[in-house]
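As structure tokens, the structure follows; a few thoughts come after it.
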Amino acid sequence: MTVKLSTGDRNAALDARAAAYAGGVIYVYSGTQPIGANAAPTGTLLGVITENGGAWIAGNPANGLKFKPATAGVLQKSDDTWRMTGLAKGTAGWWRFVTNAEDDGSESTTLRRWDGSIGVGTGELRLSTTAIDVGVPVSVDRFTVRQPG
């Protein structure tokens, strides 16, 4: 028999994740996603997604990202504008969501991190473009994650 989760349990798990990551940010990298979120990032850091593209400092939730309450086993970004400004030129390949805690990006089995796919019409994180250029703003069109049931 397979494990099956109720919608209420799926929503509760996602809401707990949303609470843990509230005030955090998403780092966008070029290249291929590493084997797991414990690993150091691969590729070039292309930008940091924050609320409205504002400055963010670990330990301070100002300009950190927030979520809507989960519904039907789906977690979505808040209605706030999520945006980044390109730090380097390249093609967005994957993302890493970090909490509001200090995270230097080195390999870690204790820090909370979340990696995923990125695209324009596909992926959990959908950008206005995956062609990133220095100083050019890029908006997040959608961020949606499903909790398997």
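Relative to the longest principal axis of the Cα atoms of the chain, the long axis of helix 7-21 lies at roughly 30 degrees. Its DSSP H runs of at least 4 residues, each contributing -39,500 (n - 2.57), put the calculated 222 nm mean residue ellipticity of the chain at -3500 deg cm²/dmol, to the nearest 500.
Within a straight-line Cα-Cα reach of under 25 Å, residue 68 can be paired with the following lysines, leaving aside sequence neighbours fewer than 8 residues apart in one chain: 4, 77.
The stretch 104-149 and the stretch 1-42 have Cα centres separated by 11 Å. Of the whole protein surface, residue 68 contributes about 80 Å² of accessible area at a 1.4 Å probe radius. Start at zero, step by 10 Å, and the Cα-Cα distances of the stretch 10-59 spread as 21, 38, 38, 3 percent across the bins.
Along the charge dipole of the chain, which of 36, 7, 110 sits closest to the positive end, that is, farthest toward it, with unit charges on the beta carbon of Lys, Arg, Asp and Glu (+1, +1, -1, -1)? Farthest towards the positive end: 7.
Segment residue 117..residue 52, full-extension length gain: 21.3 nm, with 0.36 nm per residue of separation and the alpha-carbon distance subtracted.
How high is the relative contact order of the chain, in percent, with contacts defined as C-alpha pairs under 8 Å that are six or more residues apart? Walk me through the numbers on the way to the answer.
Values: 377 pairs, mean separation 42.2, N = 149.
Taking the mean separation of contacting Cα pairs over the length of the chain, I get 28 percent.
A straight Cα-to-Cα reach below 17 Å connects residue 89 with the aspartates and glutamates 133, residues fewer than 8 places away in its own chain not being considered. Full extension of the chain between residue 88 and residue 104 yields a length gain of 3.9 nm, computed as 0.36 nm times the residue separation minus the alpha carbon distance.
The values are calculated or read from the model by the stated rules, or taken from the named source; none is laboratory data. Note that the structure is predicted; figures quoted are calculated from it, not measured. We place every Cβ from the backbone using ideal geometry, glycine too, and count neighbours over all the protein chains shown. The area values use the complete protein model at the heavy-atom level, side chains included, leaving out ligands, DNA and RNA. Shrake-Rupley method; radii C 1.70, N 1.55, O 1.52, S 1.80 Å.
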